[in-house]
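Throughout, read-outs are computed from the coordinates displayed, never taken from laboratory work. Keep in mind that what you see is a predicted model, and the values were worked out from it rather than measured. Positions of Cβ are backbone-derived with ideal geometry, glycine not excepted, and every protein chain shown enters the neighbour counts.
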């Protein structure tokens, strides 16, 4: 017998990432902004080095992309997260809802879908809101390496 999901169960508990609609998929984003932080990969070790520099489209005060719909046009190397590439993106923070669900974990209590409040991601200290600088303020892109990532860049679950 195939189990029938209860109408009281939220979609992220009854559907796989692939089964979700676009709206459901987009709704998983917790608004932390960690994926908008500039990272570098060490060519020798493969280690990912986060900085406290954000993409030129990121609005640090609002903790959102200023032009999400057109981000790939303005920032060609912006990575569009999909159910099919989440596994390959090991740099995604452990706190990320997409990563958590992909790994078979539940959403965190501070996640807006769980708490019902979009501010809980910020009050829980998981977001980068107000803690980054724009890449537009740098003379050269490599200067981002001078802005070491603080504690929020450390992997959290």
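Values for this structure:
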{"read-out": "Space enclosed by the convex hull of the alpha-carbon atoms of the range 9-48, per residue, Å³", "value": "118 Å³"}
{"read-out": "The chain: most fluctuating residue of 95, 134, 45 per GNM, C-alpha cutoff 10 Å", "value": "45"}
{"read-out": "Cubic angstrom per residue, convex hull over Cα atoms of the range 37-108", "value": "124 Å³"}
{"read-out": "Cα-based equivalent ellipsoid of the chain: semi-axis lengths in Å, sorted from largest, via gyration tensor", "value": "29, 17, 15"}
{"read-out": "Beta bridge orientation in the chain: antiparallel %, DSSP, nearest 5", "value": "80 percent"}
{"read-out": "Radius of gyration and maximum dimension Dmax of the range 1-85, Cα, Å", "value": "16.8, 52"}
{"read-out": "GNM result for the chain, Cα springs below 10 Å: residue of 37, 121, 18 fluctuating most strongly", "value": "18"}
{"read-out": "The range 77-133 shape via C-alpha gyration tensor axes, a/c threshold 1.5", "value": "oblate"}
{"read-out": "Max mean-square fluctuation residue, GNM over the chain, Cα-Cα springs under 10 Å, options 89, 101, 57", "value": "89"}
{"read-out": "Distance (nanometres) between label positions extended 7 Å along Cα→Cβ at residue 94 and residue 22", "value": "3.4 nm"}
